[in-house]
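Presented below is the structure to which this report refers.
The values are calculated or read from the model by the stated rules, or taken from the named source; none is laboratory data. Since the structure is predicted, the reported quantities are computational estimates derived from the model, not experimental observations. Neighbour counts are summed over all protein chains in view; Cβ atoms, including those assigned to glycine, are modelled from backbone coordinates with ideal geometry.
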Amino acid sequence: MGNFRVTERTTAKRHFFLVAAIAVVMLMALAAGLKLAFGKDEKGDAGPGGRGGPGGGRAQQVSEIVVAVRPFTDSIEVLGVAKGRESLVVTSSTTELITRVLFQDGQYVRQGQPLVELQAREEDAGIIAARATVTQARKDRDRWKTLSDKGIAPRVKYEQAQTALETAQAELRAAEARRGDRVIRAPFSGVVGLSDVTPGTLINPGAAIATLDDVSVMRVDFPVPERYLATLRPGMTIEATSDAFPGQTFAGRIVLLDSRIDERTRAITVRAEIPNGSSVIKPGMMMRVVIQRGLRTAAAAPEAAVQFEGDTAYAFKIVNQPGKGLVAQRTTVRRGANQDGFVEILEGLRPGDRIVASGLNRIQPNAPVKLGGGKGGRGGRPGAQTGSAPR
């Protein structure tokens with residue numbers, strides 16, 4: 001019995017010392033880890049804005065840019081559709097066969113130039129008959145005139161013959177006019193579009209024979225909200241662009257304002273004309289029209305340097321605080337227009353202020369920062385990074 005108690009005490013002591021040794025080892029490992037972590041922090045925070053310098057925290061490396069004055073333009077941007085100065089679909093007024101096609105697709109034709117001829121057998125016969133009638137009426141008139149001059153026939157016979165001749169000549173002109181209706185001519189100079197008609201095609205009234213467009217000058221009609229009516233006037237310059245020609249701008253001018261404002265859209269239709277000597281703009285092309293209303297200058301910052309939180313816009317202004325060094329001060333700004341990658345700053349920043357240009361998503365308000373070699377750079381002159389003025 002005594003030996004059993006001695007063995008039990010010995011086992012308990014062994015377990016106690018084993019647990020104590022494990023606990024000491026774990027405490028030593030924890031202490032080593034903490035020392036290593038704090039040692040790295042002290043090494044990384046040494047220098048300006050770090051633990052070893054003013055600021056007492058880790059400094060985030062950022063790049064800066066200087067707020068500078070930049071020109072901005074007040075403009076109205078709308079969509080419009082281009083069309084030729086004169087455009088129509090060539091049709092026929094009668095049902096008839098086409099006997100001749102006198103144009104080629106895409107050809108430039110002049111005003112009055114024949115485009116197609118329709119079958120005109122009856123009209124040709126009518127002209128022949130009318131000419132014969134005129135010839136006979138002229139002979140009768142001449143005979144009665146001779147007899148009247150000699151006193152053999154009364155004067156009234158000559159007058160009746162003269163009337164009959166004039167009537168026959170009028171009928172001949174009518175027959176020639178009906179024959180002329182069988183020739184469809186270009187009502188104005190322009191370019192003929194694609195056509196499917198050929199000799200032998202039966203054309204019906206109103207059916208399209210071809211399209212004709214005067215594309216030397218293009219018209220663009222576009223709606224403008226009525227609140228801008230006071231600023232619109234004929235002669236104002238406009239600039240138009242199209243997705244079909246990226247980077248190319250077409251200059252024109254306003255020629256006419258509609259006489260009414262649309263009651264549903266509260267907009268007035270404006271017509272502009274754009275010279276199209278190279279025939280680049282095609283009828284039906286969608287155009288983006290910009291109307292310049294004036295030029296002004298204001299403080300500007302890159303769009304990337306301005307952040308948004310709901311309806312509030314802000315930027316991080318770099319300031320030198322005594323005892324802390326450089327810090328990023330969150331500054332609320334009131335913005336204006338956005339143009340060419342820059343934001344117009346109406347309130348909150350002034351020209352010459354230094355703001356954070358990159359790394360904004362990692363910055364906390366009033367956090368210490370250190371300047372790196374990114375956009376703007378330390379000591380960049382004001383305006384050096386604001387880009388060129390809009391053209």
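Count of segment 266-297 residues, restricted to those that are under 15 Å from GLY190 (Cα atoms) and of a type in the set (Val, Ile, Thr), is 2. In segment 170-188, the count of residues that are closer than 19 Å to LEU88 by Cβ, part of a loop (DSSP other than H, G, I, E, B), of a type in the set (A, V, I, L, M, F, W, C) and modelled with pLDDT under 90 is zero.
Could you tell me which residue of segment 140-173 is nearest to GLY112 (Cα to Cα), considering only residues that are among the aliphatic types (A, V, I, L, M) and surrounded by 13 or more Cβ atoms within 10 Å (Cβ to Cβ)?
The initial filter retains those residues of segment 140-173 that are among the aliphatic types (A, V, I, L, M), namely 147, 152-153, 156, 161, 164-165, 168, 170, 172.
Of the ones still in play, those that are also surrounded by 13 or more Cβ atoms within 10 Å (Cβ to Cβ) are 147, 153, 161, 164-165, 168, 172.
Values: LEU147: 47, ALA153: 49, ALA161: 37, ALA164: 33, LEU165: 31, ALA168: 28, LEU172: 22 Å.
The residue in question is LEU172.
Checked against the criterion of being without any contact (Cβ under 8 Å) to a residue 12 or more places away in the chain, surrounded by fewer than 16 Cβ atoms within 10 Å (Cβ to Cβ) and of a type outside the set (D, E, K, R), segment 352-362 has at least one qualifying residue. Checked against the criterion of being in contact with an Asp or Glu (Cβ under 8 Å, 6 or more places away or on another chain) and more than 30 Å from MET236 (Cβ to Cβ), the candidates VAL289, VAL333 yield just one match: VAL333. Just one residue in the set GLU344, GLU263 is without any contact (Cβ under 8 Å) to a residue 12 or more places away in the chain and over 21 Å from the mean Cα position of the chain (by Cα); that residue is GLU263. Annotation note: Cβ proximity below 9 Å between a residue of segment 171-187 that is free of Cβ contacts under 8 Å to residues at least 40 places away in the same chain and farther than 27 Å from ASP213 by Cα and a residue that is of a type outside the set (Asp, Glu) and crowded, with 18+ Cβ neighbours inside 10 Å (sequence gap 6+ or interchain) occurs for ARG173/ALA130. If you go through segment 210-248 and keep only what is of a type in the set (Asp, Glu) and either at pLDDT below 90 or under 21 Å from the mean Cα position of the chain (by Cα) (or both), you end up with ASP221, GLU226, GLU239, ASP243.
Among the listed residues VAL220, VAL197, VAL215, which satisfies the condition of being touching a residue at least 60 places away in the same chain (Cβ under 8 Å), under 21 Å from ASP105 (Cβ atoms), hydrophobic (A, V, I, L, M, F, W, C) and not assigned by TED's automatic domain parsing to the domain that holds GLU117? Answer to the check: VAL215. In this structure, is ILE281 touching a residue at least 60 places away in the same chain (Cβ under 8 Å) and either touching a helix residue (DSSP H, G or I) at 6+ places or on another chain (Cβ under 9 Å) or β-branched (Val, Ile, Thr) (or both)? Yes; evaluated as a whole, the condition is true for this residue. Of the residues making up segment 307-347, those that are assigned to a loop (DSSP other than H, G, I, E, B) and touching a helix residue (DSSP H, G or I) at 6+ places or on another chain (Cβ under 6 Å) number 1.
Restricting segment 65-80 to residues that are under 29 Å from PHE316 (Cα atoms) and charged (D, E, K, R), which is modelled with the lowest pLDDT? Here the residue is ASP74.
Within segment 212-222, is there a residue that is out of contact with any strand residue (DSSP E or B) (no Cβ under 9 Å at 6 or more places or on another chain) and either part of a helix (DSSP H, G or I) or of a type outside the set (S, T, N, Q) (or both)? Explain how you work it out, then say what you get.
First pass over segment 212-222, keeping only residues out of contact with any strand residue (DSSP E or B) (no Cβ under 9 Å at 6 or more places or on another chain): none.
Taking every residue of segment 212-222 in turn, none turns out to be out of contact with any strand residue (DSSP E or B) (no Cβ under 9 Å at 6 or more places or on another chain) and either part of a helix (DSSP H, G or I) or of a type outside the set (S, T, N, Q) (or both).
Residues considered: THR237, THR249, THR269, THR332. Of these, the only one that is of a type in the set (S, T, N, Q), more than 30 Å from VAL215 (Cβ to Cβ) and in contact with a strand residue (DSSP E or B) (Cβ under 9 Å, 6 or more places away or on another chain) is THR332. Of all the listed residues (ASP124, ASP196), the sole one being out of contact with any strand residue (DSSP E or B) (no Cβ under 7 Å at 6 or more places or on another chain), in a loop (DSSP other than H, G, I, E, B) and within 21 Å of SER92 (Cβ to Cβ) is ASP196. Determine whether segment 133-143 contains at least one residue that is in a loop (DSSP other than H, G, I, E, B), modelled with pLDDT of 90 or more and hydrophobic (A, V, I, L, M, F, W, C). Checking segment 133-143: not a single residue is in a loop (DSSP other than H, G, I, E, B), modelled with pLDDT of 90 or more and hydrophobic (A, V, I, L, M, F, W, C).
Got at least one residue in segment 15-35 being assigned to a strand (DSSP E or B), surrounded by 10 or more Cβ atoms within 10 Å (Cβ to Cβ) and modelled with pLDDT of 70 or more? No, every residue in segment 15-35 fails to be assigned to a strand (DSSP E or B), surrounded by 10 or more Cβ atoms within 10 Å (Cβ to Cβ) and modelled with pLDDT of 70 or more.
Every condition in (1) assigned to a strand (DSSP E or B); (2) out of contact with any strand residue (DSSP E or B) (no Cβ under 9 Å at 6 or more places or on another chain) is met by ARG227 except one, and the failing one is (1). Name the residues in segment 87-116 that are at pLDDT 90 or above and either out of contact with any strand residue (DSSP E or B) (no Cβ under 7 Å at 6 or more places or on another chain) or of a type in the set (D, E, K, R) (or both), would you? Selection gives ARG100, GLN104, ASP105, ARG110, GLN111.
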